[in-house]
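Only one structure is covered here, and it is reproduced in the block below.
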Amino acid sequence: MGCLFCNILERKVPATVVYEDDHALAFRDIRPVAPTHVLVIPKKHVAAIHDLEPAHAETMGNLLIAARRVADQEGLTKDGYRLVINDGDAAGQTVHHIHVHVLGGRQMTWPPG
Ligand code: AMP
Ligand code: ZN
């Protein structure tokens with residue numbers, strides 16, 4: 001079966017895509033935890049933050065820029081929003097292809113759950 005998010009990138013698994021550029025794809029989370037909940041993924045497969053090397057710097061920079069564009073497009077910039085990257089089991093990472101959660105449309109709490 002392989003990587004779920006690579007399959008979404010290859011359009012083998014359907015998703016509601018809201019943004020795409022040369023480096024990243026963004027689509028709506030199937031189990032949203034906020035009024036806006038979009039996942040932004042790099043087109044290059046990297047499993048997790050703990051795998052990052054200096055060679056991934058451009059990929060990760062482009063990923064954050066894509067997340068910023070998604071937030072703008074979703075109308076979140078004025079009120080603010082939260083970006084989340086879960087790494088490993090303790091953080092609750094379930095899909096092993098790096099993804100930024102773009103969460104907005106409600107007041108976020110701190111500390112996170
Ligand atoms: P994480 O727990 O940080 O690894 O986040 C994985 C996210 O992927 C969860 O919020 C899931 O709801 C979401 N997810 C899982 N499968 C799909 C899918 N097919 N399409 C969209 N989102 C998904
Ligand atoms: Zn992948």
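Select from the stretch 33-46 the residues that are loosely packed, with under 14 Cβ neighbours inside 10 Å and more than 13 Å from ALA71 (Cα to Cα) and list them in ascending order.
VAL33
Among the residues of the stretch 53-71, write down those that are surrounded by 15 or more Cβ atoms within 10 Å (Cβ to Cβ), over 26 Å from GLN107 (Cα atoms) and not hydroxyl-bearing (Ser, Thr, Tyr).
Passing the criteria: HIS56, MET60, ASN62.
Looking only at residues that are among the aliphatic types (A, V, I, L, M) and out of contact with any strand residue (DSSP E or B) (no Cβ under 8 Å at 6 or more places or on another chain) in the stretch 68-113, which one is nearest to LEU25 (Cα to Cα)?
VAL95
Considering only residues that are among the hydrophobic types (A, V, I, L, M, F, W, C), more than 14 Å from VAL70 (Cβ to Cβ) and within 13 Å of ligand 2 (Cβ to nearest atom), which ones fall in the stretch 1-32?
MET1, CYS3, LEU4, PHE5, CYS6, ILE8, LEU9, VAL13
Answer yes or no: is there a residue in the stretch 91-99 that is free of Cβ contacts under 8 Å to residues at least 40 places away in the same chain and in a helix (DSSP H, G or I).
yes
Any residue at all in the stretch 42-63 that's of a type in the set (Gly, Ala, Ser) and within 16 Å of ligand 2 (Cβ to nearest atom)?
yes
Within the stretch 33-67, which residues are assigned to a helix (DSSP H, G or I), within 17 Å of ASP22 (Cα to Cα) and out of contact with any strand residue (DSSP E or B) (no Cβ under 9 Å at 6 or more places or on another chain)? Give the derivation first.
Within the stretch 33-67, the first condition is being assigned to a helix (DSSP H, G or I), and the residues that meet it are 49-51, 54-67.
The next check asks that each one be within 17 Å of ASP22 (Cα to Cα); those that pass are 56-67.
If the condition is that a residue be assigned to a helix (DSSP H, G or I), within 17 Å of ASP22 (Cα to Cα) and out of contact with any strand residue (DSSP E or B) (no Cβ under 9 Å at 6 or more places or on another chain), then ALA57, GLU58, GLY61 are the ones that fit.
No lab work stands behind these numbers, since they all come straight from the coordinates. Values in this document were obtained by computation on a predicted structure and should not be read as measured data. No Cβ is skipped: glycine too gets one built from the backbone with ideal geometry, and neighbour counts run over all protein chains shown.
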